[in-house]
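Comments concern the structure below.
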Amino acid sequence: GQLPTWLQGILLRNGPGMHTIGDTKYNHWFDGLALLHSFTFKNGEVYYRSKYLRSDTYNCNIEANRIVVSEFGTMAYPDPCKNIFAKAFSYLSHTIPEFTDNCLINIMKAGDEFYATGETNFIRKINPQTLETLEKVDYNKYVAVNVATSHPHYDSAGNVLNMGTSIVDKGKTKYLLFKIPSSVPEQEKKKSCFKHLEVVCSIPSRSLLHPSYYHSFGITENYIIFIEQPFRLDIVKMATAYIRGVSWASCLAYNKDDKTWFHFIDRKTKKEVPTKFYTDALVFFHHINAYEEDGHIVFDIIAYTDNSLYDMFYLKNLDKDFENNVKLTSIPTCKRFVVPLQYDKDAVVDSNLVTLPSTATAVKEKDGNIYCQPEILCEGIELPRINYGYNGKKYKYVFATEVQWSPVPTKIAKFNTQTKAKLHWGQDDCWPSEPVFVPSPDAKEEDDGVVLTCVVKTDPKDPPFLLVLDAKTFTELGRAIVNVEMHMDLHGMFIPQQDVKTGIE
């Protein structure tokens, strides 16, 4: 095929790549050592490159020729890397374990720099052109968080907004929203943007010892949306996991009889909206988008009724018969919540406060809390992406992988949230990854551009390829076949040519 001439830049992807070191094996797919890979588009040609993230974790493991650094689903013993990773901790002394810097989930842009990110307090700077691993950044030096999301947001000025959890800090557990500025004052050019990091707001956890797990958050023009789900970490169990010989993953529990609470933070006042909004128990990882309309906040997420998704990816389940053996007990469902921030304070109890045309409801209860029920937009999509120019604004299109009862995607889809129409791309024996939308330079409409996805073939003899689709019609424009073994990855970003700075002046 042929690629549009304007497509110039780098598609940078991240995900787990190595699961066996010496005679040891990770228990969980999400624990594997991070493998970065990139597709560089230059004058109609595509260049492929991949490299393991040379984290301290990677170096320690390779040197010892076995897993010596614990990951979320795999506890490692004993630890010859003590100088880097202090293990023992008790929440009485408020010292928390040094987590891994195996940043295998996503790529983040901060200022002119790019970082591989996971969900611990460590991120690793990388060179997007050579995939070389550069310095390690510890969020904890700048903000009191022990874990942070790998799905930050970027505001119109290019500042990064992210959230992390501060575990039992000064006797409190709280969720912190923080901002990393896109540039530093001229006279401090040598300093990193992290030195100017500021905490925007803190939200106390509903439970001191059971903070919510979260993988992403939402943003609109004026609000930040944080969902506190009943899928929680047990800090006491985590404190004793090492001694008990169990993984940190076993310290996560879902309470299906509990509520899911919505928090809305006003970006101007940095205060939380006082009204309490909630819905039934759910588990979710990905926000799609959110926007404001006529005094309401509308937000779309992909939710499950249980936490079976994580369990699917234990490596003991990922054998040859994976597609037949492993079935999700809850299908991913795209839910739209419509939350009336401005409503008639004299509305009668049990009345629905939503005035937008939607089947979503928000019912006032006698204690003043508001119980929200979603509109179901569609089922069976995951790893959602949008045209980021529409982030926080009213939008139409979601680009996502399509999954049915198996967690491995077989197709990619374009879903219209307004008409509910769906377009697909799929071929036999193909497993596509998260689709990334790249707008065309003179785009007039939301879907003017291309969609990029890496496709792995189920037969190891068939080479993988990068697929380029016209985002409007979902027809194939071209594919670049790569004669190397490629892994299923998680997330990534497209870096337009003008944003690729080598970092070498």
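Listing for the model above:
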quantity: Of all residues in segment 170-193 being charged (D, E, K, R), more than 25 Å from the chain's Cα centre (by Cα) and farther than 29 Å from Asp112 by Cβ, the one that is least open to solvent (accessible area, probe 1.4 Å); calculated: Lys172
quantity: Test for Ile386: is it among the hydrophobic types (A, V, I, L, M, F, W, C), within 17 Å of Phe494 (Cβ to Cβ), without any contact (Cβ under 8 Å) to a residue 60 or more places away in the chain and in contact with a strand residue (DSSP E or B) (Cβ under 8 Å, 6 or more places away or on another chain); calculated: no
quantity: Residue list for segment 453-487, restricted to those being of a type in the set (S, T, N, Q), under 19 Å from Phe437 (Cα atoms) and either in a loop (DSSP other than H, G, I, E, B) or at pLDDT below 90 (or both); calculated: Thr473, Thr475
quantity: Count of residues meeting criterion [farther than 25 Å from Thr269 by Cα and open to solvent by 70 Å² or more (accessible area, probe 1.4 Å)] in segment 194-220; calculated: 2
quantity: Residue identified as among the basic types (Lys, Arg) and within 22 Å of Thr401 (Cα to Cα) among Lys271, Lys256, Lys327; calculated: Lys327
quantity: Exclusive hit being crowded, with 21+ Cβ neighbours inside 10 Å and at pLDDT 95 or above, set Glu434, Glu402, Glu445; calculated: Glu434
quantity: Residue count for segment 315-339, restricted to those that are at pLDDT below 90, surrounded by 18 or more Cβ atoms within 10 Å (Cβ to Cβ) and either of a type in the set (Gly, Ala, Ser) or touching a strand residue (DSSP E or B) at 6+ places or on another chain (Cβ under 6 Å) (or both); calculated: 0
quantity: Those residues of segment 287-311 which are out of contact with any Phe, Trp or Tyr (no Cβ under 9 Å at 6 or more places or on another chain) and open to solvent by 20 Å² or more (accessible area, probe 1.4 Å), in sequence order; calculated: Glu293, Asp294, Thr305, Asp311
quantity: Number of the condition not met by Ile167 [criteria: (1) under 25 Å from Asp56 (Cα atoms); (2) open to solvent by 60 Å² or more (accessible area, probe 1.4 Å); (3) hydrophobic (A, V, I, L, M, F, W, C)]; calculated: (2)
quantity: Residue within segment 77-99 that is within 26 Å of the chain's Cα centre (by Cα), modelled with pLDDT of 65 or more and outside any loop (DSSP other than H, G, I, E, B) present; calculated: no
quantity: Tally of residues being within 15 Å of Gly295 (Cβ to Cβ), part of a loop (DSSP other than H, G, I, E, B) and open to solvent by less than 30 Å² (accessible area, probe 1.4 Å) across segment 344-374; calculated: 5
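The values are calculated or read from the model by the stated rules, or taken from the named source; none is laboratory data. Everything numeric in this text was worked out from a predicted model, so none of it was measured. Here Cβ is always computed from backbone atoms with ideal geometry, including for glycine, and neighbour counts include all displayed protein chains. Surface areas here come from the heavy atoms of the whole protein model, side chains and all, with no ligands, DNA or RNA. Shrake-Rupley method; radii C 1.70, N 1.55, O 1.52, S 1.80 Å.
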